[in-house]
Every structure is written in structure tokens, then in C-alpha cells.
Amino acid sequence: GDEAPLQQPASQQYEYDDVAPVGAAPRDASHWKIVSINVNGFAAFVRNGGADVVKREDADVVCVQETKLQEEAVANYADVFGAAYAHVYTSCSVKQKGYAGTAVYSKHAPRRVHYDVDVVGAHADTAAAKAELCGEGRVVALEFDGFVLLNTYVPNVGMKLERLAPRARRGR
């Protein structure tokens, strides 16, 4: 009859869109909030206030695509979403300056991190395909306890479908 309702642990007393109560335990991975955004150039995104919008989301993980950053500029954006995102992983294009690029900002340390060569290169059917698909900074994959997060920026096939074959190979 008059049983008291079960009290949920502090880490589960809020929904995905809620911010954890002050002093509450961190969200467990099954309740993480993950934000993914294509910024079409990280520098402009930050300059135009985009980072502030993402900060308000208070996500556990932020996946960013089309950063267009070069390796030497990555450090300038290490704490763009705040100090809580202590784990930052980027993949920049080594083929073309200001092209593609992905990044993951996480409040939680992953067990392992994989980049283009590990993820895409392992599935390329020829050396030429591997060379074409890798080095564009299109993939960052993080292994957490219980799941794998794959942040990818998929190539546009172009108006004349010139990149259809590499995109199809990537999707295998």
C-alpha cells in the first residue's frame, strides 16, 4: 500500500536536458549528454559566439566537425568550452591547409582513442584507397566503458559525384 517511493541515486535524478544538481555525482555513461556540431571553420565559430551556445548545453562530450584547423592552431582552442573538458582529441588534415578536421572535447577520459588511419585505413581495400581516405582529419573515435563514440566528417561527393567511390569505401 503506502510504500515510500524509491529514491534514485543522485547521478540519476535528472533527465538528459537537465543540469546535474550541485554536489551530485557525475552522470553515468548511460545518461551522458553528447552534442555534435558542424562548425564550418572553428575559428569563425568561436569568434561569432558559437562556443558560448555549446557551453550552455553543459554536455559531457562535444563532437566538432569541419574544424579546418591545422595542428599548430589546436592548442589555441584547447579550453574553448571550459576547463571541465580536460580531454581534447583532434584530427587535422595533413593533405590540405584549412580543410576538414574533427575534434572531441570530453569531461571524461576514454579508455582508447583512434584517428583516421586506425578507423578508416583498416577498412581500405587497397593502398591507394587508404592514401586517399586517410590524412584528411575526418575521424576521431573514443572508447569509453560501455560504448564507442565515433565522430566523423563524411566527405561531400561533389556536384559531379567525383568523391562517390571514396565515400562508398568509407561507409563499409
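The values are calculated or read from the model by the stated rules, or taken from the named source; none is laboratory data. Computed from a prediction, not measured in an experiment: that's the story for all the values here. Quick reminder, even Gly has a Cβ in these numbers, built from the backbone with ideal geometry, and neighbours come from all protein chains shown. Protein only, heavy atoms only, side chains kept; ligands, DNA and RNA dropped before computing areas. Shrake-Rupley method; radii C 1.70, N 1.55, O 1.52, S 1.80 Å.
Some notes on this structure:
- Candidates 88, 113, 80 - the one that is touching a residue at least 24 places away in the same chain (Cβ under 8 Å) and within 15 Å of residue 139 (Cα to Cα): 113
- Residues in the stretch 52-101 that are within 13 Å of the chain's Cα centre (by Cα) and among the hydroxyl-bearing types (Ser, Thr, Tyr): 67, 85, 89, 90, 91.
- Some residue of the stretch 155-163 being within 27 Å of residue 44 (Cα to Cα), modelled with pLDDT of 90 or more, open to solvent by less than 70 Å² (accessible area, probe 1.4 Å) and within 17 Å of the chain's Cα centre (by Cα): no
- Residues being open to solvent by 40 Å² or more (accessible area, probe 1.4 Å), touching a residue at least 12 places away in the same chain (Cβ under 8 Å) and more than 16 Å from residue 93 (Cα to Cα) - total across the stretch 63-76: 0
- Selection of the stretch 78-108 for residues being open to solvent by less than 50 Å² (accessible area, probe 1.4 Å) and over 21 Å from residue 53 (Cα atoms) yields 91, 92, 93, 98, 100.
- Checking the stretch 34-46 against the condition returns a match, with at least one residue being modelled with pLDDT of 90 or more, surrounded by fewer than 13 Cβ atoms within 10 Å (Cβ to Cβ) and among the small types (Gly, Ala, Ser).
- Test: residue in the stretch 124-133 that is at pLDDT 95 or above and in contact with a His (Cβ under 9 Å, 6 or more places away or on another chain): no
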